[in-house]
Amino acid sequence: MSIVAGQEHRVEEHEATATKTLGFWIYLMTDCILFASLFATYIVLREGTYGGPGGRELFELPFVLLETIILLASSFTCGLSLLAARKGLVKPAIIGLGATFVLGAIFLTLELGEFLKLMGEGHSWQASAFLSAFFTLVGTHGLHIAVGLLWVLVMIIQLVRQGLTSGTIRRLGMFGLFWHFLDIIWIFIFTIVYLMGVI
Amino acid sequence: MRDEKQAGKGIEDSAMQRYVIGFLSALVLTLAAYGLVVGQVLTGAMLIAAIVVLAAIQLVVQLVCFLHFGSKGADARLHQATFYLMLIILVIIVGGSLWIMANLNYNMMMSPEDMDKYMLEQSNKGF
């Protein structure tokens, strides 16, 4: 009896995980549409510099390449953490999350540094339509990264206190989707905003 | 039991391989796009087309290697269906916006130069 009940419980749990993950995936798809609108706005307004400097004068490509590689590395460590968690290894999972947090925090610090530098030179979002669109698009991505960092911290605390349960593994899986998704959005920011900005 | 364990280990190894392959190819694709722009190997529309293609390849690489897109099963199919729906909406939003905005000056019966002049006059009035 207890075996049957246990199996039923496991099947229910699996279905709950599948349903919740699908729900989170649909949220990510709607988030893609949000970013699509911001990309469209940026592409339309990118020439509207109001006589001020454009991307060619403002963007520093080596700096942005560094940001890109750091974010990509954090996406990789996040994947490794998830893999360790699915193998039942708590410690490597926590270390992977820690690395993800550190790399993500470095990325966000670099990005905020770039924003402050632009604003310090008088190129804030009020200066032109191009800069409004730039700060909105890149800033929205940065806000997602900030929320992701908070999520990593919560996950680390949960893994330390609760260990690997079906609940924590499920939430870790969703965090993985979120973080990989943000890396994909960044590739398009790197290509459309920065690389095309200096061409 | 032992076979099951080994099969499980095989899946985990291939998952690990996927992440490593995904990470390395994403790194190469990023550096390639960067190199094309900085090295000025191509120019104009060709350069833009090349880096857009590189970004699209990287999208597919990361979807498959990191997000396990394209795996089988009922759940995975639902994920794919919502993804393609999102892609259709995305093309309508981005393509439609660019199409309309590119024709805006024409449809307002103003040349881009007249439009700039008009907008400058308006902002000089201090709206």
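The values are calculated or read from the model by the stated rules, or taken from the named source; none is laboratory data. Quantities reported herein were computed from a predicted structural model and do not represent experimental measurements. Here the Cβ is made from the backbone with ideal geometry for all residues, glycine too, and neighbour counts use every protein chain on show. SASA here: full protein model, heavy atoms, side chains in, ligands and nucleic acids out. Shrake-Rupley method; radii C 1.70, N 1.55, O 1.52, S 1.80 Å.
Which residue, of A:147, A:160, is free of Cβ contacts under 8 Å to residues at least 24 places away in the same chain, open to solvent by 20 Å² or more (accessible area, probe 1.4 Å) and part of a helix (DSSP H, G or I)? It is A:147. Filtered by the rule that a residue be open to solvent by 40 Å² or more (accessible area, probe 1.4 Å) and touching a residue at least 24 places away in the same chain (Cβ under 8 Å), segment A:111-125 gives a lone residue, A:112. Only residues that are within 22 Å of residue A:91 (Cα to Cα) and in contact with an Asp or Glu (Cβ under 9 Å, 6 or more places away or on another chain) were counted across segment A:145-166, and they come to 1. Checked against the criterion of being open to solvent by less than 20 Å² (accessible area, probe 1.4 Å), of a type in the set (Ser, Thr, Tyr) and modelled with pLDDT of 95 or more, segment A:133-141 has no qualifying residue.
Mind checking whether some residue in segment B:94-112 is within 17 Å of the chain's Cα centre (by Cα), surrounded by 15 or more Cβ atoms within 10 Å (Cβ to Cβ) and among the aliphatic types (A, V, I, L, M)? Checking segment B:94-112: at least one residue is within 17 Å of the chain's Cα centre (by Cα), surrounded by 15 or more Cβ atoms within 10 Å (Cβ to Cβ) and among the aliphatic types (A, V, I, L, M).
Of the residues examined, residue A:130 is one that is buried (at least 20 other Cβ atoms within 10 Å of the Cβ), under 30 Å from residue B:31 (Cα atoms) and not hydroxyl-bearing (Ser, Thr, Tyr). Checking each residue in segment A:21-42 for being of a type outside the set (Ser, Thr, Tyr) and over 23 Å from residue A:197 (Cβ atoms) picks out A:22, A:23, A:24, A:25, A:26, A:28, A:29, A:31, A:33. For residue A:13, the criteria (1) open to solvent by 30 Å² or more (accessible area, probe 1.4 Å); (2) more than 9 Å from chain B (Cβ to nearest Cβ); (3) under 25 Å from residue B:22 (Cα atoms) hold in every case but one, which is (3).
Looking for whichever is open to solvent by 30 Å² or more (accessible area, probe 1.4 Å) and closer than 21 Å to residue B:16 by Cβ here; the options are A:83, A:89. Which one fits? Reasoning before the result, please.
Values: A:83 fails: open to solvent by 30 Å² or more (accessible area, probe 1.4 Å).
Matching residue, one of A:83, A:89: A:89.
Selection within segment A:19-63: residues that are under 30 Å from residue A:177 (Cβ atoms) and of a type in the set (Gly, Ala, Ser). The member of this set that is farthest from the other protein chains (Cβ to nearest Cβ) is A:23. Taken as a whole, the condition of being crowded, with 19+ Cβ neighbours inside 10 Å and either β-branched (Val, Ile, Thr) or part of a helix (DSSP H, G or I) (or both) does not apply to residue A:34. Just to verify a result, which residue in segment A:44-80, among those that are more than 16 Å from the chain's Cα centre (by Cα) and hydroxyl-bearing (Ser, Thr, Tyr), is least open to solvent (accessible area, probe 1.4 Å)? For segment A:44-80, the residue satisfying everything is A:49.
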